[in-house]
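What follows is calculated from the coordinates using simple rules that are stated; it is not laboratory data. Everything numeric in this text was worked out from a predicted model, so none of it was measured. A quick note on method: Cβ atoms are made from the backbone with ideal geometry, for glycine too, and the neighbour counts reach across all protein chains shown.
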Amino acid sequence: PRYFALIPAAGIGARIGGSTPKQYVSIAGKAMLRHVLDTFSDTVAISHTFVVVSAEDGYINDIMAEPPDHHAGITVLRVGGPTRQLSVLNGLHAAREWIGDDDWVLVHDAARPGLNDSLVDKLIQTLKDDEVGGLLAVPVVDTLKRMDESGRVENTVAREHLWAAQTPQMFPYGLLKKALEQAAAVTDEAGAIEALGLKPKLVTGHACNFKVTLPEDVALAELYLKGLV
Ligand code: CTP
Ligand code: MG
């Protein structure tokens, strides 16, 4: 089987605000999405990368104007949907002539520019003989509180056994497509696989691979990408 990357990049970045869609915000000299594309281009195991943007995206051509150095091949699919789940599913459908059911697909958020090739390799090496697939994730470090309707603590949620999901999330193409077609609303690929009664494997990721979501996240991403933390 081969390994493909699929990057959903059709969001508007409502929480971060600003006029430029989040994936095109420049961090350490490059758009977030470009960091991600360069990482997958640098990862030899990856055969090809598909990036899903919205039909009216006006930024992707600039990003693609100068191809990455180790150009493993990138195809832009202008099939973004109203949710991340639909953007991924539309991308899987649009890429169907290039990917076999048993090939692996690594879905990675454009908003996680801190991913590096060693994390991608670790995910692939851990899961290449797996029956189901899995995802990068990190153990939760904070003590978790459940809030009641008045904004007070209902209870403390045991942190033991809790992990925060990251991406890439890596599953066989045919299984992932079926799972996303059948699932109700899910916020990640693993959620759709779980809904089929399967158990994705957790592979330890890294804090550098956090998702840039709020304005204050940009400075931290910059530190990671400049190698300062
Ligand atoms: N995404 C997508 N299609 C959507 C929504 C999100 O492809 N309809 C992508 C985003 O571009 C991002 C990834 O999914 O790379 C993770 O989503 P998120 O961090 O929530 O990004 P946004 O949806 O853009 O941000 P927000 O939720 O703050 O609007
Ligand atoms: Mg979103």
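List of remarks:
- Gain in span if fully extended, Asp62 to Trp98, counting 0.36 nm per residue against the direct Cα distance: 10.5 nm
- Spin-label proximity, Ala55 to the range 1-45 - amide N less than 18 Å from point 7 Å beyond Cα toward beta carbon: 9-12
- The percentage of C-alpha pairs in the chain whose separation is greater than 22 Å is 52%.
- Among the listed pairs Lys145/Lys211; Lys128/Lys199; Lys22/Lys122; Lys30/Lys201, those with a Cα-Cα distance over 25 Å are Lys22/Lys122; Lys30/Lys201.
- Neighbours of Val51 by Cβ distance under 14 Å: Lys/Arg scored +1, Asp/Glu scored -1, total 0.
- Working note: 222 nm ellipticity from helices only, DSSP H runs with n ≥ 4, each -39,500 (n - 2.57), summed and divided by the residues of the chain, gives -8000 deg cm²/dmol to the nearest 500.
- Global form of the range 177-229, assessed from the alpha-carbon gyration tensor, a/c cut-off 1.5: prolate
- Local net charge near Val212, Cβ-Cβ under 12 Å (Lys/Arg +1, Asp/Glu -1): 0
- Amide proton proximity set for Val140, modelled H, under 5 Å, gap of 5+: Leu162, Trp163, Ala164
- Since only Gly17, Ala192, Leu6 are under comparison, the one whose Cα sits farthest along the positive direction of the charge dipole of the chain, derived from C-beta charges on Lys, Arg, Asp and Glu, is Gly17.
- Relative protection proxy for 189-199, 121-131, 84-94, from highest mean packing down: 84-94, 189-199, 121-131 (other beta-carbon atoms within 10 angstrom).
- Secondary structure note: in the range 1-107, about 10% of the DSSP beta bridges are antiparallel.
- Cβ-based net charge around Glu97, under 15 Å, with every Lys or Arg adding one and every Asp or Glu removing one: +1
- Charge dipole magnitude, Cβ of K and R +1, D and E -1 - the chain, Cα centre, debye nearest 20: 280
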